[in-house]
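> Pasting in a structure now, in structure tokens, and then I'll have a few things to ask.
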Amino acid sequence: MEIDELNRMIRECKKCRLSETRMNAVCGEGNPNAKIKIMLIAQAPGEEENRAGKMFVGPSGKVLDELLSKAGVKRDEIYMTNLIKCMLPKCRKPKQDEIEACSSYLDKEIELINPKILVPLGYYATRYIFQKYKIQVPSKAKFFKVSGKLFLAGDRKILPLAHPATCLYNPELKQDLIKSYRKLHVLLKDCKWYPVCPMKRFYEEGKLDKKWIELYCKGDWESCVRYQMEEEGKFHPDWMLPDGTLDERLRK
Ligand code: SF4
């Protein structure tokens, strides 16, 4: 199946009650042929998206554009989609049977687009992606603990972020969101220290698990303690791992 065929099915879908109240089912957007590494997954279309049949055209779209521009990421570098393709009346929470009815479209999009990095926005999209990749799901109240943190699931990375609409309800959180969305830019490049870092050598010698390389050196290197110390010119032993713990086995 091609993405066009999938989008045609989404537009015509009547699998759940949301088809009765929507104006338009909203399909994913982005260039499916570009070397897309990042897929943003929002919860569901808002009122303006429902009217226009397009992703992120309403107030949260404006916030998203600002967050992406501050992160130095262009919309055409990412693919954007929703967990639920039709508007939830009065922007209520999604019901479990609606998620079950709709999520096969998201599963198919992930298969067709094959992004390296999944970025679920907000609690429900994160909960679905964590369940799909067998990562422990936090309670809604503890979502902040995983937001902005990078996870590894096989060959894919998962970076949950707060939904841009959070800024509309809590403007005081905007600086936090700007900071966490900057990680999208970080994820598009490898750590500049990687070619000379002892972690590269340990990995190539088979002494270090790949997860360290994927989560830090080729992932969120700004969170690496080694990187931070390197930038500050502070001494750190070769056997110190990216999270700052010392691995005596690497010392030998
Ligand atoms: S271990 Fe840290 S400093 Fe070294 S390459 Fe990886 S991210 Fe960069």
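The values are calculated or read from the model by the stated rules, or taken from the named source; none is laboratory data. Just so it is clear, the structure is predicted and the values come from calculations on it, not from any experiment. Don't worry about glycine lacking a Cβ; one is built from the backbone with ideal geometry, like all the others, and counts go over all protein chains shown. To get the accessible areas, we keep the full protein, side chains included, count just its heavy atoms, and leave off ligands, DNA and RNA. Shrake-Rupley method; radii C 1.70, N 1.55, O 1.52, S 1.80 Å.
> Starting from the Cα-Cα distance between LEU112 and GLU12, subtract it from 0.36 nm times their residue separation and give me the gain in nm to one decimal. Write out the running numbers ahead of the final one.
Values: separation 100, 0.36 × 100 = 36.00 nm, distance 1.94 nm.
Extra length available between LEU112 and GLU12 comes to 34.1 nm.
> Given R₀ = 45 Å, what would the calculated FRET efficiency be for ASN31 paired with VAL225, taking r from the Cβ atoms and rounding to 0.05?
Details: r = 36 Å, r/R0 = 0.81.
Rounded to the nearest 0.05, the efficiency is 0.80.
> Counting other Cβ atoms within 10 Å, keep those with at most 10, restrict to DSSP loop, and tell me which chymotrypsin sites (Phe, Trp or Tyr not before Pro) in the range 157-252 are left. List each step's numbers first, then the result.
Numbers: sites: TYR169, TYR181, TRP193, PHE202, TYR203, TRP212, TYR216, TRP221, TYR227, PHE235, TRP239; in loops: TRP193, PHE235, TRP239.
Passing both the DSSP loop test and the Cβ count: PHE235.
> Please give me the summed charge of the neighbours of VAL119: other residues whose Cβ is under 10 Å from its Cβ, Lys and Arg +1, Asp and Glu -1. List each step's numbers first, then the result.
On the way: positive: LYS157, LYS183; negative: none.
It works out to a net charge of +2.
> Okay, next question. For the chain, calculate the relative contact order in percent as a whole number, restricting contacts to Cα pairs under 8 Å that are 6 or more residues apart.
Values: 388 pairs, mean separation 42.4, N = 252.
In percent, rounded to a whole number, it is 17.
> Compute from the Cα atoms of the range 91-222 the Rg and the Dmax, the latter being the longest Cα-Cα distance, and quote both in angstrom.
16.6, 52
> Roll a 1.4 angstrom probe over the protein heavy atoms and tell me the percent of accessible area of the range 182-252 that is carbon or sulfur.
Details: 2140 of 4150 Å².
Carbon and sulfur atoms account for 52 percent of the accessible area of the range 182-252.
> Further question: Give the calculated FRET efficiency between ASP243 and LYS174 to the nearest 0.05, with a Förster radius of 35 Å applied to their Cβ-Cβ distance. Show your work: numbers first, answer last.
On the way: r = 29 Å, r/R0 = 0.82.
Once rounded, the FRET efficiency stands at 0.75.
> For the range 34-117, what does the alpha-carbon gyration tensor say about shape, rounded, prolate or oblate, given a ≥ b ≥ c as the root eigenvalues, a/c under 1.5 as rounded, and a/b over b/c as prolate?
Values: a/c = 2.33, a/b = 1.19, b/c = 1.96.
In terms of gyration-tensor shape, oblate.
> Continuing with the same structure: Are there any GluC sites (Glu not before Pro) in the range 195-252 that are in a DSSP loop and have at most 16 other Cβ atoms within 10 Å? List them by number.
Details: sites: GLU204, GLU205, GLU214, GLU222, GLU230, GLU231, GLU232, GLU248; in loops: GLU205.
Hits after loop and neighbour filter: GLU205.
> Related question: Given the Cα atoms of the chain, and with Rh set as the inverse mean 1/r over their pairs in the Kirkwood sense, what is Rg to Rh to two decimals?
Values: Rg = 19.6 Å, Rh = 19.4 Å.
Dividing the radius of gyration by the Kirkwood radius yields 1.01.
> Could you tell me what percent of the accessible area of the range 31-161 is made up of carbon and sulfur, with a 1.4 Å probe and every protein chain present?
Details: 2960 of 6010 Å².
Looking at the range 31-161 in its full context, I get 49 percent from C and S.
> Can you compute the modelled spin-label distance between GLU204 and MET23, with each label point 7 Å from Cα toward Cβ, in nm?
5.7 nm
> Anyone know which of GLN136, GLN43, GLN175 comes out most mobile in the 10 Å Cα GNM of the chain?
Highest fluctuation among the options: GLN136.
> Considering only LEU188, LEU150, LEU40, give the residue with the highest GNM mean-square fluctuation for the chain, with springs between Cα atoms whenever their separation is below 10 Å.
It is LEU188.
> Then there is this: Select from LYS174, LYS149, LYS90 the residue whose mean-square fluctuation is largest in a Gaussian network model of the chain (Cα-Cα springs shorter than 10 Å).
LYS90
> Put a dot 7 Å past each Cα toward the Cβ at LYS149 and VAL196; how far apart are the dots in nm?
Taking the simple label geometry, VAL196 and LYS149 are separated by 3.3 nm.
> Give, in nm to one decimal, the length gained when the segment between LYS95 and ALA141 is fully stretched (0.36 nm per residue of separation minus the Cα-Cα distance). Write down the numbers at each step before the final one.
Details: separation 46, 0.36 × 46 = 16.56 nm, distance 1.82 nm.
In short, 14.7 nm is gained.
> Related question: Over the range 90-248, with the other protein chains present, what is the accessible area per residue in square angstrom, probe 1.4 angstrom? The partial results should precede the final answer.
Numbers: 8440 Å² over 159 residues.
Per residue, the range 90-248 has an accessible area of 53 Å².
> Under 1.5 on a/c is rounded, so check that first for the range 17-80, then, if it is not, pick prolate when a/b is larger than b/c and oblate when it is not; a ≥ b ≥ c are the square roots of the alpha carbon gyration tensor eigenvalues.
On the way: a/c = 2.78, a/b = 1.59, b/c = 1.75.
Oblate, because a/c is 1.5 or more while a/b does not exceed b/c.
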